[in-house]
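Read the structure below first, then the notes.
The values are calculated or read from the model by the stated rules, or taken from the named source; none is laboratory data. Because the structure is predicted, anything quoted here is derived from the model rather than measured. Cβ atoms come from the backbone with ideal geometry, glycine included; neighbour counts cover every protein chain shown. With ligands, DNA and RNA removed, areas are computed over all heavy atoms of the protein, side chains included. Shrake-Rupley method; radii C 1.70, N 1.55, O 1.52, S 1.80 Å.
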Amino acid sequence: MKRPFCGMLARMLLVAMVVLLVAAACAPAAKPTTGAEVKKVKVGLSMSLTGALATALEPVSWGAYHYLQYVNEQLGGIEYRTKAGTMEKVLLDIVWEDNAYSVPKTISIYKRQKEAGVKFMAVLGSTPGEAITETASRDKMPVIGFYASTSPANFTPVPLYYTSSFGNMPEQAAVVVKWFKDNWKEARPPKVGVLMLDVPSLRPTGDPAGLPAYAQKIGVEYLGIDFLSAAATDTSIELGRLKTKAPDMILTYHVTGGLVVILKDARRIGFELGALGSGKTVFAAPTWGFDESLLRLVPQEAEGLYGFTTTALSDEDVPGVKVAREICRKYRGAELNLLYLQGVFYGMEVVAGLKQALETVGYESLDGPAINDAIHNLKDFDSGGIAPKINVDPSYPMLNPYARIARVEGGKIKAVSDWYQYPPIREIMPPQFRK
């Protein structure tokens with residue numbers, strides 16, 4: 001008789017324990033006993049993880065997101081000094097979606113994130129960014145556009161709630177052309193042609209009052225511009241047309257996937273990539289296509305390629321790059337490359353702007369106008385050597401006015417210039433861009 005009773009008792013105890021465990025799991029979580037509410041700032045990310053331009057924008061998107069994640073998980077939030085002189089921290093409540101470089105998706109994401117209560121947005125892609133600039137300015141929603149835009153829509157709203165991550169396309173091209181002209185040794189003017197990714201925000205690059213006029217002003221013979229599909233599969237016609245004009249330099253402004261096609265086609269139709277002054281054609285790529293993936297995908301064709309970079313190189317021994325390298329290994333499980341480094345840098349810009357706003361108005365008064373004012377007047381932004389120290393000009397809010405030229409040499413990317421600052425905006429942009 002004892003054995004059945006013992007077995008029954010054991011079963012009853014087991015059932016009781018299961019009930020208690022289920023009840024504990026379903027009970028509301030206990031609130032922190034510290035007595036202090038956790039402070040958070042909700043920010044929205046409109047990332048470009050898919051779509052025709054994802055070969056460049058996907059790693060940049062994750063770099064920005066992972067830096068914000070790093071600030072939360074490794075640093076405990078954004079640390080700032082209150083007006084009372086004490087140090088406090090605020091966590092980032094990150095809301096993100098993939099815009100796929102699509103204007104309709106970007107507009108939908110903007111509406112959803114606004115309704116979700118975000119106080120600040122970051123948008124990947126120039127055309128997606130310009131799609132919401134007017135609305136964001138009307139709503140007093142501060143927006144940073146990662147990858148600058150060349151559309152008048154980004155600069156005309158008053159007050160302006162859009163901030164460019166770096167120079168627009170005519171400005172970027174002007175830096176490369178000026179560097180080329182500064183180092184040109186022959187008596188005749190150098191001849192430069194452009195192959196450009198065809199998206200709406202980049203069309204003004206070919207405006208006769210913009211880059212062509214600037215090239216002529218500094219003594220460069222401008223050979224014209226050909227626009228290439230975002231999903232380019234053959235560029236031999238455009239390259240062949242340029243080849244008949246004997247260019248000294250070709251600016252190849254496309255994302256990584258497009259550059260692979262351009263470089264293969266250039267080799268196939270007889271172009272030889274050479275160093276400046278070698279008598280061969282200098283090919284130069286934009287910051288949003290020039291990174292280490294080219295060394296893996298087309299190592300032979302990429303040898304000798306020049307590139308425009310907005311950050312330090314991914315192997316440079318500076319504090320900011322070291323942080324980015326750690327973040328890339330931890331959150332992406334890969335070695336750092338230039339595109340991901342750009343994303344980390346953009347994440348730093350977000351945090352720097354929010355920190356300055358918090359220190360200026362305090363957590364309780366943090367709103368769109370305060371954040372926008374802080375970003376447009378950001379002072380002494382130090383990225384740990386990823387870029388020179390930055391002070392934003394509120395009359396033309398650009399978060400990084402600096403760039404360098406690098407080159408693929410011996411299968412590695414090496415810097416070949418000091419930092420250049422973009423030429424004054426009024427020297428390059430067509431009249432409709434000027435304030």
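Helix 126-139 axis versus longest C-alpha principal axis of the chain: approximately 60°, rounded to the nearest ten. For segment 107-115, backbone phi angles converted through the Karplus equation (6.51, -1.76, 1.60; θ = phi - 60°) give residue-by-residue couplings of 5, 5, 4, 4, 4, 5, 5, 5, 5 Hz, Gly and Pro being listed as x. Residues in segment 366-383 carry Karplus couplings, in order, of 5, 8, x, x, 5, 5, 4, 4, 5, 5, 6, 10, 4, 10, 6, 6, 10, 9 Hz; the curve used is 6.51 cos²θ - 1.76 cosθ + 1.60 with θ = phi - 60°, and Gly or Pro positions show x. Scalar couplings 3J(HN,Hα) for segment 88-99, obtained by applying the Karplus form with A = 6.51, B = -1.76, C = 1.60 to θ = phi - 60°, are 10, 10, 10, 7, 9, 9, 8, 10, 9, 8, 9, 8 Hz; x denotes Gly and Pro.
Taking the C-alpha atoms only, the angle from helix 256-268 to the longest principal axis of the chain is near 30 degrees. With both residues required to sit in the chain, DSSP beta bridges show an antiparallel share near 30%.
Heavy-atom accessible surface of the chain, averaged per residue, reaches 44 Å², computed with a 1.4 Å probe. Amide H contacts under 5 Å for residue 292: 338, 339, restricted to partners 5 or more places along the chain or on a different chain, H placed in the peptide plane at 1.01 Å from N. Loop-located trypsin sites (Lys or Arg not before Pro) across segment 183-259 with a Cβ neighbour count of 10 or fewer within 10 Å are 185, with loop assigned by DSSP.
Close amide-amide hydrogen proximity is noted between residue 41 and 91, 92, 93, each under 5 Å apart and 5 or more residues distant or on a separate chain (H modeled in the peptide plane; Pro and chain starts excluded). Sorted largest first by accessible area at a 1.4 angstrom probe radius, with every protein chain in place, the residues 332, 404 fall in the order 332, 404.
For residue 120, nonlocal amide neighbours, meaning residues 5 or more places apart or on other chains whose placed amide H falls under 5 Å from its own, are 44. When you restrict to C-alpha pairs under 8 Å that are six or more residues apart and normalise by the size of the chain, the relative contact order lands at 17 percent. Sorting 62, 179 by solvent-accessible area of protein heavy atoms yields 62, 179, largest first, with a 1.4 Å probe. Where does helix 2-26 land angle-wise versus the long Cα axis of the chain, in degrees 0 to 90, nearest 10? Approximately 40 degrees, to the nearest 10. Take every pair of alpha-carbon atoms less than 8 Å apart whose residues are at least six positions apart; their mean separation over the length of segment 80-173 yields a relative contact order of 21 percent.
Only Cα pairs under 8 Å and 6+ residues apart enter the sum, and on that basis the relative contact order of segment 214-262 stands at 40 percent. Computed per residue of the chain from DSSP H runs no shorter than four, each worth -39500 (n - 2.57), the mean residue ellipticity at 222 nm is -12500 deg cm²/dmol. The aspartates and glutamates within cross-link reach of residue 264, meaning a Cα-to-Cα straight distance under 12 Å and a gap of 8 or more places when in the same chain, are 234, 272, 301, 303.
For the chain, which whole percent of the accessible surface, found with a 1.4 angstrom probe, sits on carbon and sulfur atoms? Can you show the working numbers first?
Values: 10380 of 18930 Å².
Here it works out to 55 percent.
For the chain, excluding the exposed loop sites themselves (GluC sites (Glu not before Pro), DSSP loop, at most 12 other Cβ atoms within 10 Å), the longest remaining stretch covers 38-185.
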